[in-house]
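J.: Quick one: structure below, then a few questions.
The values are calculated or read from the model by the stated rules, or taken from the named source; none is laboratory data. Just so you know, these numbers come straight off a predicted model, no measurement behind them. Please note: Cβ atoms are built from the backbone with ideal geometry, for glycine as well, and neighbour counts cover all protein chains shown. Just the protein is used for accessible areas: all its heavy atoms, side chains included, with ligands, DNA and RNA removed. Shrake-Rupley method; radii C 1.70, N 1.55, O 1.52, S 1.80 Å.
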Amino acid sequence: MLNLADPSAALRWWRLPADGVGLARLEFIVAHQVKAHPMALLHPERLDPHDRHLIDRLTEGYLDRGEYFVERLAHGIARIAASRWPDPVVVRTSDFKTNEYARLLGGRPFEPDEANSMIGWRGASRYYSEGYREGFALECRALRRVRDEMGLTNVVVMIPFCRTPAEADRVLEVMDGQGLQRGRNGLLVYVMAEIPANIILAQDFAERFDGFSIGSNDLTQLTLGVDRDSEALAELFDESDPAVTRSITSLVTRAHAANRPVGLCGQRPSDDPRFTGFLVEAGVDSISVAPDSFASVKQHVARAEDRKGAHDDTREG
């Protein structure tokens with residue numbers, strides 16, 4: 001599968017023999033096509049005069065600034081979904097960190113200063129909170145428009161950085177209130193598996209979600225306790241560390257026991273054929289990579305599947 005972010009480039013890659021999109025990031029669409037913090041659109045009274053003027057110019061012609069956000073986001077999602085129809089397109093809801101949200105137009109009044117935003121107020125924890133619930137409602141409206149009004153029901157919704165099953169329940173309740181009910185009109189809801197808790201409590205998460213997608217960068221970071229952006233610790237950041245690979249194998253086993261698929265979206269398969277081979281051997285259902293590395297990873301997967309098939313035949317014999 002493909003990792004895609006830029007809707008304007010989605011149709012460039014439609015000829016690739018991919019099985020869909022394993023990760024479409026909303027952050028790119030928000031940053032480059034919406035160009036403003038969703039809460040700033042809903043609450044311009046909290047902005048300084050300069051940012052309020054810029055918001056007014058940005059949303060000129062829209063009586064409802066929330067509709068501006070929904071329309072821009074929906075069109076971006078739809079372009080990516082249409083490029084791979086009818087194959088699944090997994091759309092991850094917003095996963096900006098607080099410092100990244102603050103850099104959006106009008107974002108500063110709505111974002112706290114965090115010492116470590118990487119493990120701070122991000123992902124699922126934002127969606128039911130008073131500080132962002134209204135913004136997430138706009139994301140849900142855009143996703144519902146793409147699926148229910150535009151008919152692109154190949155869109156799968158994915159929730160990032162979901163720390164506990166109880167948090168999953170709260171997010172699904174908020175989505176339900178916005179017309180995005182799991183199972184209705186074929187809606188599948190996946191969860192990112194990027195926190196050790198997602199592995200340890202895989203069965204509990206499988207009861208709430210239809211599939212898992214491994215975020216190998218964050219999973220490695222949180223398993224090894226290594227800041228992935230630290231140059232001083234760069235040599236310790238290793239996605240093929242046994243602690244990480246055993247976690248992946250454990251998740252696949254537990255998820256499959258619950259009849260849930262497991263994908264992986266990350267850079268490592270593009271850089272390391274051995275890691276790709278490990279994923280195939282572990283039984284991962286899909287691997288999602290950038291378009292420019294798709295062909296080579298496809299070949300690595302084919303060779304790994306051949307080796308696995310030959311090994312399985314030998315064991316059976």
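J.: Suppose every Lys and Arg Cβ carries +1 and every Asp and Glu Cβ carries -1, with no other charges. What dipole size does region 24-153 come out with about its Cα centre, to the nearest 20 debye? Walk me through the intermediate numbers first.
T.: Working: 20 positive and 20 negative charges, 77 e Å.
In total the dipole reaches around 360 debye.
J.: Using only Cα atoms, tell me the angle between helix 49-58 and the longest principal axis of the chain; keep it within 0 to 90° and round to the nearest 10.
T.: With rounding to tens, the tilt is 70 degrees.
J.: Which is farthest toward the positive dipole end of the chain among Val70, Ile248, Met118, measuring Cα position about the Cα centre, with Cβ charges +1 (Lys, Arg) and -1 (Asp, Glu)?
T.: Looking along the dipole axis, the top candidate is Val70.
J.: Restricting to Cα atoms and excluding each atom paired with itself, what does the Kirkwood estimate give for region 14-133 in Å?
T.: 15.6 Å
J.: Got a number for carbon plus sulfur as a percent of the chain's accessible area, 1.4 Å probe?
T.: Roughly 48 percent of what the probe reaches on the chain is carbon or sulfur.
J.: Let me ask something else about it. How many percent of DSSP beta bridges within the chain run antiparallel, rounded to 5?
T.: Numbers: 0 of 25 bridges.
That works out to approximately 0 percent antiparallel.
J.: Let me ask something else about it. So for region 185-317, what percent of the C-alpha to C-alpha distances run longer than 23 Å? Don't skip to the end; give the middle numbers.
T.: Numbers: 3200 of 8778 pairs.
Result for the distance tail: 36 percent.
J.: Output the relative contact order of region 150-211, whole-number percent, from Cα pairs under 8 angstrom with separation of 6+ residues. Let's see the in-between values first.
T.: Working: 65 pairs, mean separation 26.6, N = 62.
With pairs under 8 Å counted, the relative contact order is 43 percent.
J.: Then there is this: Could you provide, to the nearest whole Å², the per residue accessible area of the chain with probe 1.4 Å? Could the numbers behind the result be given before it?
T.: Values: 14380 Å² over 317 residues.
Here the residues of the chain average 45 Å² of exposed surface.
J.: Relative to the longest principal axis of the C-alpha atoms of the chain, give the angle of the C-alpha long axis of helix 165-177, reported between 0 and 90° and rounded to the nearest 10°.
T.: 50 degrees
J.: Using a Gaussian network model of the chain with C-alpha springs under 10 Å, which one of Asn217, Asn185, Asn198 is most mobile by mean-square fluctuation?
T.: Asn185
J.: Candidates (1) 211; (2) 141; (3) 162; which is the computed volume of the Cα convex hull per residue in Å³?
T.: Read-out taken from this structure: (2).
J.: Given Cα pairs under 8 Å that are at least 6 residues apart, what percent is the relative contact order of the chain?
T.: Numbers: 526 pairs, mean separation 49.7, N = 317.
Relative CO of the chain lands at 16 percent.
J.: So for the chain, taking the charge dipole from beta-carbon charges (+1 Lys/Arg, -1 Asp/Glu), which of Ala197, His43, Pro165 sits furthest toward the positive end?
T.: Of the candidates, His43 comes out farthest on the positive side.
J.: Dipole magnitude of the chain about its Cα centre, charges +1 at Lys/Arg Cβ and -1 at Asp/Glu Cβ only, in debye to the nearest 20?
T.: On the way: 38 positive and 48 negative charges, 142 e Å.
Dipole about the Cα centre, nearest 20: 680 debye.
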